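Every number here is computed from the coordinates shown, using simple stated rules; none is lab data. Since the model is a prediction, treat every value here as computed from it, not as a measurement. For neighbour counting, all protein chains shown are included, and Cβ atoms are generated from backbone atoms with ideal geometry for every residue, glycine included.
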Amino acid sequence: MNIIELILDEAEELMGIQAISIVESPAIEENFIAMNSQEVQFAKQDEEKRILMGAALVPNKPIYRRNGEEEFYVYFTKDTIRRASEIFLQKGNQNESTLEHNVKLNGLSVVESWIIEDDVQDKSRKYGLSLPVGTWMVSMKVNNEDVWQNYVKSGKVKGFSIEGYFVDKVNLKSELSTIEEEEAMQMLSTIRGIVHQDGSIELESYSDYPSGVKNNAKRGIEMNQKINNRCATAVGKVRAQQLAQGKPLSVETIKRMYSYLSRAEEYYDEGDSTACGTISYLLWGGLAGKRWAASKLKELGLWQD
C-alpha cells in the first residue's frame, strides 16, 4: 500500500489547517485529556476549566485513507507540522472548530499551541501523554455547554482531527518530472543516433532567441534558488543555464523545448513564484521560449501542426 507525504504549498491561499475538529476516532489515534487544574480528571462543573489538551498532528505517523477503491497512507514530517501550526495561528484560525468534521461549532478556542521539543521536559509529560518530539500539541477551551456536557463528558469525542488543505508531494512533482525525463530520454536517443564513428558530434545550432527567453530562464533560476532549488529535474536546470547564458541550441533541443513548454504550460501560474510548475516553465524559457521555438521550427520547415 502506498505511503504518501503531504506537504504545504504556501503559494496557495487556502493551504494549511483551516479548523480543528473534535471527533470520536482521531485519525492519529491519540486521544485528548480534559483538564481541571493539573489533574487528569473531571471535576464539578463550577470548578472545571473546560480545557482539552491533546495532539493535533504526530510526525511520520501513517494515517489510513481511502479514495474510492484506492487505499493508501499519508503522513506529515516534523517540518511540515511545525509550519502548519504556525500558519494556523498566523491566519487567526484559533476559533475555527467542528464536530466530526460536519458541524461548525461555536465557543471553542485554541488557547495554547506548541511543538514537543523534548522527550522528558515537555508539558504534555506532566499529564501522562507520551508523544514523539515534533508533535503539534494544542489546548482548547470549551465555552459551549452542549459540547462539554453531551460530547466531552459523555465520552462521545475523544481526540482532535485537523481540517485543511495539503499537497500530495508525489503527485505535485511527478507529472512535471515525468515530462522532463521523457524529454531528456528523447534528447539522449537523438544524440546517440547522430554520433559519428570517431565519437564526434555535429549539431546545427541556433542562439538567436530573444532576451525574453534568457530573462525567463534567469528568473526561474533565481526563484528556484530562493526555495533551495527544490523544483525541476537536472534536465530543466541545465536547460535554464544554457538559455540564461545565450548558448546555442540544436534543432532537436528546440523541438524538445517546444514540446516541453507546450505540455507543461498548464502548470504555470504567473502569480505564484514558488510553485514548481511556474519555476520549471520559466527554466525552459517560458512563453517567450515556446513562441521562439515554434517560430524557429517554422523557419526551418520543421513545423508540424
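Over region 203-264, what is the relative contact order in percent, taking alpha-carbon pairs closer than 8 angstrom and at least six residues apart?
52
Apply 1/(1 + (r/R0)^6) to the Cβ-Cβ distance of residue 146 and residue 126, taking R0 = 30 Å, and write down the FRET efficiency to the nearest 0.05.
So, using R0 = 30 Å, E works out to roughly 0.50.
Take residue 73 and residue 102, extend 7 Å from each Cα along the Cα→Cβ direction, and tell me the distance between the two endpoints in nm.
For the pair residue 73/residue 102, the computed spacing is 2.9 nm.
How much length is gained if the chain between residue 49 and residue 298 is pulled fully straight, taking 0.36 nm per residue apart and subtracting their Cα-Cα distance, in nm to one decimal?
82.1 nm
Quick check on packing: order 274-281, 262-269 by the mean number of other C-beta atoms within 10 Å, highest mean leading.
274-281, 262-269
Considering Cα pairs under 8 angstrom that are at least six residues apart, work out the relative contact order of region 87-148 and quote it in whole percent.
It comes to 33 percent, rounded to a whole number.
If packing is taken as the mean number of other Cβ atoms within 10 Å per residue, what is the order of 249-257, 78-86, highest first?
Per-residue mean Cβ counts within 10 Å order the peptides as 249-257, 78-86.
Considering amide H positions built from the backbone, and no H for Pro or chain starts, which residues 5 or more places from residue 108, or on another chain, come under 5 Å of its amide H?
143
Counting other Cβ atoms within 10 Å of each Cβ, which GluC sites (Glu not before Pro) in region 99-138 have at most 12 and sit in a DSSP loop?
The qualifying sites are 117.
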